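Presented below is the structure to which this report refers.
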Amino acid sequence: MPTALIWLVFALGLAGAEALTGDLFLVMLSGGALSAALTSWLIGWPIWADGAVFLVVSVLLLALVRPPVRRRLLSSLGAETGVLALQGKTALVLDRVEQHSGRVKLDGEVWTARPLADGEVFEPGEHVTVMHIDGATAVVSRVL
C-alpha cells in the first residue's frame, strides 16, 4: 500500500473522529495528515519526512487556525435569548406601576410590571429598566 494512501486514510479517520468530539483538535491533525499525504504523493519523500510535514502543518494549524475559528464559532453560542435577553432593557410605563399592578411596553410588547423595591411607583410616560422577568411580569426599577 502506498504511503500517500496510508496518510489519506489516517486523515479521513481523524476527520471522522472530529465529528464525534467537535473540539476542532482532530480536524487540525487531519489537515496535517492530508498535507503529508499530498507531499508523499507529489514528491515521494521518505516516511520520516512525511512525518515531519505532518508535525509542522498540524502544529501550525493548531496554533494559528484553531483559536480564531473557535472564537468565531463560540461567539454565536453566547447570545442571550428569551427572557434573559430582556434584562437591562429600557421599558416605557403605560399604566401606573405599583406593587400589584402596572403595564410597560418592552421591545414592542406589553408586559405586566411591578417595581423592584416595595413602595416605588412609576407613572405613565416614565422610562424604567427591566431588572428581571418573574413569570410573565417584568420587575422594573428607575432608569440607571
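Summary table
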| read-out | value |
| --- | --- |
| Selected residue [hydrophobic (A, V, I, L, M, F, W, C), open to solvent by 50 Å² or more (accessible area, probe 1.4 Å) and in a strand (DSSP E or B)] from Leu92, Leu8, Leu38, Leu34 | Leu92 |
| Selection within the stretch 69-111 - under 29 Å from Val27 (Cβ atoms), among the β-branched types (Val, Ile, Thr) and modelled with pLDDT of 85 or more | Val69 |
| The stretch 95-123 - residue that is more than 17 Å from Arg142 (Cβ to Cβ) and part of a loop (DSSP other than H, G, I, E, B) and, of those, most open to solvent (accessible area, probe 1.4 Å) | His100 |
| Number of the exception - Val59 against (1) of a type in the set (A, V, I, L, M, F, W, C); (2) open to solvent by 50 Å² or more (accessible area, probe 1.4 Å); (3) outside any strand (DSSP E or B); (4) more than 30 Å from Pro2 (Cβ to Cβ) | (4) |
| Residue pairs meeting the criteria (Cβ under 8 Å; at least 6 apart or on separate chains; first more than 15 Å from Val69 (Cβ to Cβ), in the stretch 26-43; second among the hydroxyl-bearing types (Ser, Thr, Tyr) and buried (at least 21 other Cβ atoms within 10 Å of the Cβ)) | none |
| Meets criteria (farther than 30 Å from Leu26 by Cβ and buried (at least 16 other Cβ atoms within 10 Å of the Cβ)) for Val140 | yes |
| Scan of the stretch 41-55 for residues that are open to solvent by 80 Å² or more (accessible area, probe 1.4 Å) and closer than 24 Å to Thr21 by Cβ, ordered by number | Leu55 |
| Residue in the stretch 15-27 that is farther than 30 Å from Leu74 by Cα, open to solvent by less than 40 Å² (accessible area, probe 1.4 Å) and in a helix (DSSP H, G or I) present | no |
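The values are calculated or read from the model by the stated rules, or taken from the named source; none is laboratory data. Predicted model, so just to flag it, every value in this text is computed and none were measured. Positions of Cβ are generated from backbone atoms using ideal geometry, with glycine treated the same way; all protein chains shown enter the neighbour counts. Quick note on the areas: whole protein, heavy atoms, side chains included, nothing else; ligands and nucleic acids left out. Shrake-Rupley method; radii C 1.70, N 1.55, O 1.52, S 1.80 Å.
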